[in-house]
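Here is the structure we will look at, set down as structure tokens.
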Amino acid sequence: MEPFRHYIPYYVGLGDHEAVEHVFDDGSKYGLAVDKFPFAYVSAEAIFASHFVQPENGPQSEDETEYDPHLEAVDFPSYKENVYSYIYDNLAMIVLNSNYWYTPSAKAVSMIGGNPSGYIMDNQIKWLSTTINQFEQDRNIDHIVVTVNTPVFPTGNKSNSGMWYGGNNAVRPMVAADKVSKGIIERRDELLDLLVNRSSKTKIILSTDEHGYSRLAIHPDLALYPEGYRGKKIKLNRSLVQVTCGLSGQVSERLMDFPWSGFIEKTSSQPAVVFIQVTGKQVLLRAINPRTQEEIEEFNIR
């Protein structure tokens, strides 16, 4: 990648493969793992920031939230250079971190604390709300694309992933032995409300994590909840597109059956690179196999 970075800007996001962990042996296969500390020097977030130069316009950290155990101290990793936004002509890009303060096993969170994959914590969601509002009011911005490692809606072969976990809203971070007030489904719904209901310019949610390629139509008729879900529900008022593109890794031939599976409009087991071509008000999405140059699909974003 380095030869290309000499000539064109690269904006990168942090994901689970960038995790740097303390691992404690509990006799299990993988042990219990948490984001490495001290956070300021050896966490995944700190090491990521030391290797890349990114915009520094994101939130500070999860300090000074209602679940911050020590208001006078810094208790969380920094968001510096792993949550940010940038503008290219009439396109605004927002980069989120869904693997912040990451504990790899959702089951281990209740024992050791931390944040499960896919959960966007409070200060990050507040920053996203402010940033979306700014771009909505900016007359020079026509399109917003949000990138995040874990898909809002998983489309592959794992149900306990993304922002879903089988619809189990009990999945949530634990801070200083206390669970935060909102679960993964509630937080997913807040994210959808921001990007769909409160934004007219957000066109694409671009994610990775799952191996292979898929395009999902997020639509007002999309089934959002598991059967028997008792929590508060939202209604979407417009459509947008989720594109999931995991370039490498083994692709399962068997896909899970999700409530939204009927709205998955394209899947491919090929490695894929996604290009987003913006021409004025028009947005063209192209997915190409980088090994064979074969076009997987070309799709106009309305």
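Readers should treat all values here as calculations from the given coordinates under stated rules, not as data from a laboratory. These figures come from a predicted structure and were not determined experimentally. Because the Cβ atoms are built from the backbone with ideal geometry, glycine has one as well, and the counts that use them run over all protein chains shown.
For the chain, a Gaussian network of Cα nodes joined below 10 Å ranks LYS80, LYS266, LYS179 by mean-square fluctuation, and the top entry is LYS266.
Less than 5 angstrom separates the built amide H of THR202 from those of ILE144, all sequence-distant by 5 or more or on a different chain.
Compared with the direct C-alpha span, the chain from GLU294 to ASN160 gains 45.1 nm at full extension, assuming 0.36 nm per residue.
In whole percent, what relative contact order does region 141-290 give with Cα contacts below 8 Å and a gap of six or more residues? That works out to 26 percent. Restricting to bridges with both residues inside the chain, how much of the DSSP beta-bridge set is antiparallel, in percent to the nearest 5? Bridges in the chain are about 70 percent antiparallel. With respect to the cross-link table entries LYS107/LYS232; LYS80/LYS107; LYS107/LYS235; LYS158/LYS281; LYS29/LYS126, which display a Cα-Cα separation exceeding 26 Å? Among LYS107/LYS232; LYS80/LYS107; LYS107/LYS235; LYS158/LYS281; LYS29/LYS126, the Cα-Cα distance tops 26 Å for LYS80/LYS107; LYS107/LYS235; LYS158/LYS281; LYS29/LYS126.
What number, in percent, do you get for the relative contact order of the chain if the mean sequence gap of Cα pairs under 8 Å and at least 6 apart is divided by its residue count? Worked out over the chain, it gives 13 percent. Sequentially through region 68-73, phi angles give Karplus couplings (6.51, -1.76, 1.60; θ = phi - 60°) of 5, x, 9, 5, 8, 10 Hz, Gly and Pro residues having no value and appearing as x. Here the 3J(HN,Hα) profile of region 288-302, calculated from phi with Karplus coefficients 6.51, -1.76 and 1.60 at θ = phi - 60°, is 10, 6, x, 7, 10, 6, 5, 7, 7, 6, 10, 9, 7, 7, 7 Hz, Gly and Pro shown as x. Go ahead and run the numbers for FRET between SER200 and MET111, Cβ-Cβ distance against an R0 of 51 Å, rounding to 0.05. Taking R0 as 51 Å, the efficiency between SER200 and MET111 is 0.75. Short-range pairs are left out: with C-alpha atoms under 8 Å and at least six residues apart, the relative contact order of region 1-160 is 23 percent.
Think of each Lys and Arg Cβ as +1 and each Asp and Glu Cβ as -1; about the Cα centre, that makes the dipole of region 2-269 roughly 940 debye. Give the residue from PHE76, VAL152, GLY118 lying farthest towards the positive end of the charge dipole for region 2-269; charges sit on Cβ (+1 for Lys and Arg, -1 for Asp and Glu) and the dipole is referred to the Cα centre. Positive-most Cα among the choices belongs to VAL152. Annotation: peptides 141-153, 28-40, 196-208, ranked by per-residue average of other Cβ atoms within 10 Å with the highest first, follow the order 141-153, 196-208, 28-40. Loop-located GluC sites (Glu not before Pro) across region 185-256 with a Cβ neighbour count of 16 or fewer within 10 Å are GLU227, GLU253, with loop assigned by DSSP.
Give the distance, in whole Å, between the Cα centre of region 1-67 and the Cα centre of region 107-127. If we compute the Cα centre of each part, the gap is 14 Å. Tell me, what does the Kirkwood hydrodynamic radius of the chain come to in angstroms if you use every pair of distinct C-alpha atoms? One over the average 1/r among Cα pairs gives 19.9 Å for the chain. Computed from backbone phi with θ = phi - 60° and the Karplus coefficients 6.51, -1.76 and 1.60, the 3J(HN,Hα) list for region 267-281 is 9, 7, 8, 6, x, 9, 10, 9, 10, 10, 9, 10, 10, x, 7 Hz; x is used for glycine and proline.
Residues within the reach of a label modelled at ASP138 (point 7 angstrom out along Cα to beta-carbon, backbone nitrogen below 16 Å), restricted to region 35-77, are 55-59.
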